[in-house]
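Just below is one structure, and these are the notes that go with it.
The values are calculated or read from the model by the stated rules, or taken from the named source; none is laboratory data. Because the structure is predicted, anything quoted here is derived from the model rather than measured. FYI the Cβ positions are ideal-geometry reconstructions off the backbone, even for glycines, and counts take in every protein chain you see.
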């Protein structure tokens, strides 16, 4: 294999130098969008040499107008099979057939002649988003939609590259750029609420002699702190594989990372608390910098006289943030228990990856 090149860069070059010219010559009348969105570590920009062992390589996505999909999809596919080069920048453009025994994985499969089993996938915008998000772009995005869109999927359609766009793909994807203000407030309130529910339990488990339980609770608190940071900086959080990598790109990461790493390395509840407290105080300060509520106490205090240092009980961040919600529908949802968005109450891979679950999940907010 040649020297590794980032997948998004490879795909852009592949489109511009190989796919685009064929489309221009053979279908000069066709308007379309091209890019790379959705699944794949390269879409997020986090791919490395190991990523190249599956579903990775010279590939692109074409988006056609709804009325053009059926007339053009097969003929474009056949034309690319016949005219694409078998290699691009040293990488095969031919992919293996999907492996039914391995989640339909496709891998680079070098050939020297014959039609190319390429991965230039062709969609209509509306159909793609119905499949990927279980959402029809002809409808308005409601609060329950925002709360049931997994952040990984939102990140993967809003941070990706668009190589060509003559049909308004970017305009549609910009609709998902970030949460509406009051949905954002709801998620912040729910994030603070999660911390408030468990911050005292870390020490309580430890003082009862359960350091494993204490460590598990501490790790959950670390994740909740990190999730709050993504929200405060208005960035969608990716799924677990790239969660820490993306966190390191946040502005607050330089200050918080050493503390959070120290929490995870600690072997006693007292050590964990020693590092959690300044982390709590840092996110409390970040909250105050947002100016969405009156300034709140950014110093940890004792939990009802017990020897556990906490921040949410002292500051009341969740309650104060929830009080700022004005949108009637979001306010109605916030009037119930603060379960938050789907990523806050579940980390089940099948639930988050299969968009069909959204129909069921939306009922939770009704």
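Hey, among the residues in the stretch 288-308 that are without any contact (Cβ under 8 Å) to a residue 60 or more places away in the chain and within 19 Å of residue 222 (Cα to Cα), which one's surrounded by the most Cβ atoms within 10 Å (Cβ to Cβ)?
300
What's the number of the only condition in (1) without any contact (Cβ under 8 Å) to a residue 60 or more places away in the chain; (2) surrounded by 16 or more Cβ atoms within 10 Å (Cβ to Cβ) that residue 163 fails to meet?
Tallying (1) without any contact (Cβ under 8 Å) to a residue 60 or more places away in the chain; (2) surrounded by 16 or more Cβ atoms within 10 Å (Cβ to Cβ), residue 163 fails exactly one: (1).
May I ask you to list the residues in the stretch 87-108 that are part of a loop (DSSP other than H, G, I, E, B) and touching a strand residue (DSSP E or B) at 6+ places or on another chain (Cβ under 6 Å)? First the steps, then the outcome.
Keep residues of the stretch 87-108 that are part of a loop (DSSP other than H, G, I, E, B), which gives 89-90, 93-94, 96-98, 100-104, 106-107.
Hit for the stretch 87-108 is 106, nothing else.
With the condition being more than 26 Å from residue 341 (Cα to Cα) and either in contact with a helix residue (DSSP H, G or I) (Cβ under 8 Å, 6 or more places away or on another chain) or outside the structural domain of residue 151 (by TED's automatic domain parsing) (or both), I'd like the helices (runs of 4 or more DSSP H) fully within the stretch 209-323 carrying at least 1 qualifying residues.
211-232, 253-265, 269-290
Report, by residue number, each residue of the stretch 250-270 that is loosely packed, with under 14 Cβ neighbours inside 10 Å and without any contact (Cβ under 8 Å) to a residue 12 or more places away in the chain.
The answer is 254, 258, 261, 265.
Are there helices (runs of 4 or more DSSP H) fully within the stretch 1-86 with at least 3 residues that are surrounded by fewer than 16 Cβ atoms within 10 Å (Cβ to Cβ) and out of contact with any strand residue (DSSP E or B) (no Cβ under 7 Å at 6 or more places or on another chain)? List them.
Numbers: elements: 7-14, 20-26, 41-44, 66-83.
Filter on the stretch 1-86 gives 20-26, 66-83.
From 167, 162, 172, grab the single residue that is within 20 Å of the chain's Cα centre (by Cα), closer than 30 Å to residue 31 by Cβ, modelled with pLDDT of 95 or more and outside any helix (DSSP H, G or I). Reasoning before the result, please.
Numbers: 167 fails: within 20 Å of the chain's Cα centre (by Cα); 172 fails: outside any helix (DSSP H, G or I).
Of 167, 162, 172, the one residue that is within 20 Å of the chain's Cα centre (by Cα), closer than 30 Å to residue 31 by Cβ, modelled with pLDDT of 95 or more and outside any helix (DSSP H, G or I) is 162.
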